[in-house]
Amino acid sequence: MANRNVPISRRQLYIGGEWREPVKKNRIPIINPATEEIIGDIPAATAEDVDIAVEAARKAIARDDWGSTTGAQRAKYLRAIAAKVLEKKSVLATLESLDSGKTLFESAADMDDVAGCFEYYADLAEALDSRRKTPVNLNSDSFKTYVLREPLGVVGLITPWNYPLLMAIWKVAPALAAGCAAILKPSELASVTCLELGEICREIGLPSGALNILTGLGPEAGGPLASHPHVDKISFTGSGPTGSKIMTAAAQLVKPVSLELGGKSPIVVFDDIDNLDIAAEWTLFGIFANTGQVCSATSRLIVQESIASAFLDRLLKWTKNIKISDPLEEDCKLGPVVSAGQYEKVLKFISNAKSEGATILYGGKRPQHLKKGYYVQPTIITDVNTSMEIWKEEVFGPVLCVKTFKTEEEAIELANDTKYGLAAAVMSKDVKRCERFTKAFQTGIIWINCSQPTFNQLPWGGKKRSGFGRDLGEWGLESFLNIKQVTEYTSAEPWAFYKSPSRN
Ligand SMILES: NC(=O)c1ccc[n+]([C@@H]2O[C@H](COP(=O)([O-])OP(=O)(O)OC[C@H]3O[C@@H](n4cnc5c(N)ncnc54)[C@H](O)[C@@H]3O)[C@@H](O)[C@H]2O)c1
Ligand SMILES: C[N+](C)(C)CCCC=O
Ligand code: NA
């Protein structure tokens with residue numbers, strides 16, 4: 001087992017390049033979901049601290065050392081952060097697992113992705129220099145025009161606990177690449193690695209105020225950030241209800257928002273697949289990776305009737321083989337869910353499904369061998385109908401529900417039978433059929449013969465109740481830029497709209 005004694009530093013808020021005690025001096029306990037023990041605490045920011053952070057961010061933009069940087073200069077900071085993340089990878093990964101319950105293997109992969117994301121946006125920051133000013137040819141002798149891409153200003157980044165550092169970096173990296181000054185508000189349930197990012201920024205000498213990190217409760221720290229008059233945009237990842245609150249607060253000031261919300265994504269499996277095991281493993285990965293706490297989890301299996309029995313049989317074999325243990329244990333593939341609240345919520349979804357008449361084919365309980373910790377068995381639920389809660393609502397836990405279909409039309413109808421629209425997967429060797437599904441799925445992300453692989457270069461986000469706007473790729477950068485058009489009158493001739501007084 002990895003060393004669980006990695007010390008958790010007692011950090012303060014990271015504001016204006018310094019560690020700063022919250023004005024009200026409150027703190028929130030850090031709970032290790034594998035042991036239910038309190039292992040430290042984090043500062044709890046309030047509206048007073050938000051004001052100070054916004055001021056620090058505005059000053060950063062007004063100062064030359066951040067506000068007048070080129071993309072190439074900012075790229076150096078981003079690369080220095082990436083290098084530090086890799087240097088500290090083992091400690092950061094352990095902290096992520098202790099704080100969130102994520103398996104150490106997944107935490108380590110997240111740290112690679114964090115570094116990769118900074119490096120990717122370093123490249124885009126450099127490329128931005130040549131795209132900063134784009135001439136627009138009007139074929140006019142009287143006007144010269146161009147379009148500028150400028151940093152949007154001060155941006156608030158509010159993020160969830162399921163990939164604590166990675167979800168933050170999907171926003172921090174493009175915001176800094178664009179030249180914005182950012183205020184990050186991570187989830188109170190898992191903020192440790194985001195605070196360590198503050199230390200990394202300090203160590204590499206990121207200009208003060210370019211990134212500020214305010215930990216704290218949603219309504220107390222996130223709320224004032226969303227409604228702050230001097231915050232130019234809120235980029236949010238989290239639940240639908242919180243997204244609505246943020247959008248409501250931002251609407252009062254006509255502040256732009258981007259919302260990456262939840263999902264209830266389908267995975268459709270056809271009987272023409274060559275290898276049941278390959279499809280079974282992707283199906284498992286799509287719902288049990290990160291203990292199912294993935295916005296894009298393919299939590300509804302829609303399998304063709306002709307192979308349903310054989311496929312479920314194979315799924316069960318794979319599921320029984322998953323090692324459930326303390327996330328720091330070697331080969332652990334399923335850790336606890338993040339908190340006591342999430343544990344209760346997941347078990348309630350399972351008991352509601354049972355009361356509504358569904359069958360718990362596998363799992364549904366706490367694993368017998370683990371007496372402490374917020375563990376839930378990987379769970380497969382059958383005999384589901386489309387009016388059941390388990391079909392309609394996001395569980396955000398290791399729970400797969402299953403329905404069968406006969407025809408392609410039926411499969412499409414079932415796949416789109418959701419208020420959400422984040423991701424969808426189809427497993428079939430028929431290329432034309434996969435194309436038809438790509439067109440028919442009402443989502444922002446499509447996986448063909450896989451589920452979940454994610455790349456920095458590709459846009460991430462959904463439609464319907466899964467939100468709008470895109471993280472990652474060039475779209476992630478654009479979302480932190482203001483597009484400014486400049487029109488210059490270059491003719492020596494008068495405009496001649498009014499009658500000239502000199503001719504009277
Ligand atoms: N679409 C995506 O890319 C994506 C990625 C990860 C998670 N998610 C979604 O996130 C949810 C789980 O994360 P969560 O439980 O942390 O979500 P959440 O909405 O409870 O919290 C998200 C963040 O919002 C803050 N917050 C809460 N109330 C607030 C308020 N009134 N004003 C401002 N901020 C407030 C929280 O403190 C946290 O930092 C799931 O629904 C999941 O699908 C989506
Ligand atoms: C697909 N990933 C990499 C697991 C990221 C999912 C982000 C949302 O929960
Ligand atoms: Na925690």
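The values are calculated or read from the model by the stated rules, or taken from the named source; none is laboratory data. The structure displayed is predicted, hence computed values, not measured ones. We place every Cβ from the backbone using ideal geometry, glycine too, and count neighbours over all the protein chains shown. Keep in mind that these areas ignore ligands, DNA and RNA; they rest on the heavy atoms of the full protein, side chains included. Shrake-Rupley method; radii C 1.70, N 1.55, O 1.52, S 1.80 Å.
As a test of reading the structure, rank R314, R300 by solvent-accessible area (1.4 Å probe, protein chains only), most first.
On the way: R314 75, R300 0 Å².
The residues order as R314, R300, largest area first.
Would you work out if the chain is rounded, prolate or oblate? Take a ≥ b ≥ c from the square roots of the eigenvalues of the alpha-carbon gyration tensor; rounded if a/c is under 1.5, else prolate when a/b is larger than b/c, oblate otherwise. It would help to have the intermediate numbers written out before the result.
Numbers: a/c = 2.17, a/b = 1.41, b/c = 1.54.
Oblate, since a/c reaches 1.5 and b/c is not below a/b.
Need one number: nm distance between label points at K323 and V6, each 7 Å from Cα along Cα→Cβ, rounded to one decimal.
Distance between label points: 1.8 nm.
Which lysines, if any, have their Cα less than 20 Å from the Cα of K484, not counting same-chain residues under 8 positions apart?
Result set, ordered by chain and number: K133, K144, K233, K255.
Please compute the net charge surrounding G341, taking Lys and Arg as +1 and Asp and Glu as -1 over other residues with Cβ under 13 Å from its Cβ. Walk me through the numbers on the way to the answer.
On the way: positive: K345, K348; negative: E36, E188, E344.
Result for the local shell: -1.
For S306 and S90, compute 0.36 nm times the residue count separating them, minus their Cα-Cα distance, and round to one decimal in nm. Write out the running numbers ahead of the final one.
Values: separation 216, 0.36 × 216 = 77.76 nm, distance 4.64 nm.
Gain on stretching S306 to S90: 73.1 nm.
Taking the Cβ of C332 as the center, what net charge do the other residues with Cβ under 11 Å away carry, scoring Lys and Arg +1 and Asp and Glu -1?
Details: positive: K102, K323, K333; negative: E106, D326, E329, E330, D331.
Taking every other residue near C332 into account, the sum is -2.
Ignoring ligands, DNA and RNA, what percent of the accessible area of the chain is carbon or sulfur (1.4 Å)? Don't jump to the answer; show the numbers that get you there.
On the way: 11240 of 21420 Å².
Within the chain, the accessible surface is 52 percent carbon and sulfur.
Which value, in Å² and to the nearest 10, is the accessible area of K245 when all protein chains are kept and the probe is 1.4 Å?
Approximately 150 Å² of K245 is accessible to the 1.4 Å probe.
Check G216: other-chain or 5+ apart residues with amide H under 5 Å from its amide H, H built from backbone geometry?
A45, E188
To the nearest 10 degrees, how steeply does helix 104-131 sit against the main Cα axis of the chain, on a 0 to 90 scale?
20
How much area per residue is accessible in the chain when the probe is 1.4 Å and only protein heavy atoms are counted (Å²)? Please report the intermediate quantities before stating the final value.
Details: 21420 Å² over 504 residues.
Result: 42 Å² per residue.
If you take every DSSP beta bridge whose two residues both sit in the chain, what share of them, in percent to the nearest 5, is antiparallel? Provide the component values of the computation, followed by the final result.
On the way: 31 of 68 bridges.
Looking only at bridges with both residues in the chain, the antiparallel portion is about 45 percent.
What does the helix-only formula give at 222 nm for the chain: each DSSP H stretch with n ≥ 4 adding -39500 (n - 2.57), the total divided by the residues, and the result rounded to the nearest 500 deg cm²/dmol?
Numbers: 16 runs with 194 residues, N = 504.
Taking each H run of at least 4 residues, the total per residue is -12000 deg cm²/dmol.
Report the gain in length on full extension from D112 to D64: 0.36 nm times residue separation, minus Cα-Cα distance, nm rounded to one decimal. Let's see the in-between values first.
On the way: separation 48, 0.36 × 48 = 17.28 nm, distance 3.17 nm.
Taking 0.36 nm per residue and subtracting the Cα distance, the gain is 14.1 nm.
Taking H placed 1.01 Å from N in the peptide plane, check which residues at least 5 places from I30 or on another chain put their amide H under 5 Å from its amide H.
HN-HN under 5 Å from I30: I39, G40, D41, I42.
Angle between the Cα long axis of helix 192-204 and the longest principal axis of the chain, 0 to 90 degrees, nearest 10?
Roughly 40 degrees, rounded to the nearest 10.
Which lysines does K365 reach when only Cα atoms under 26 Å apart count, and residues fewer than 8 places away in its own chain are ignored?
K102, K264, K317, K320, K323, K333, K345, K348, K354, K392, K403
Around F405, which amide H atoms from residues at least 5 apart in sequence, or from another chain, sit under 5 Å from its own amide H, with H modelled in the peptide plane?
Those qualifying (amide H under 5 Å, at least 5 residues apart or on another chain) are V303, Q304, E305.
Run the numbers for D277 and K345: contour at 0.36 nm per residue of separation, minus the present Cα-Cα distance, in nm. Kindly include the intermediate steps, with their values, before the conclusion.
Working: separation 68, 0.36 × 68 = 24.48 nm, distance 3.10 nm.
So the extension gain works out to 21.4 nm.
May I ask you to rank R366, R433 by accessible area, largest first, using a 1.4 Å probe over the protein chains only? Intermediate values should be presented prior to the final figure.
Numbers: R366 60, R433 40 Å².
In descending accessible area the options line up as R366, R433.
Could you go through the stretch 164-177 in sequence order and give the Karplus-derived ³J(HN,Hα) for each residue, using 6.51 cos²θ - 1.76 cosθ + 1.60 with θ = phi - 60°, rounded to whole Hz, and x for Gly and Pro?
So the J values, rounded to whole Hz, are x, 7, 5, 5, 5, 6, 4, 9, 4, 4, x, 5, 6, 4.
Under 11 Å from the Cβ of A83, count the other residues' Cβ atoms, weight Lys and Arg +1, Asp and Glu -1, and hand me the total.
Values: positive: K76, R79, K84, K88, K89; negative: E87, E119, E203.
Here the charged neighbours net out to +2.
Please enumerate, by chain and number, the aspartates and glutamates with C-alpha under 15 Å from the C-alpha of K25, excluding those fewer than 8 residues away in the same chain.
Answer for K25, where 15 Å is the Cα cut-off: D41, E48, D49, E220, listed by chain and number.
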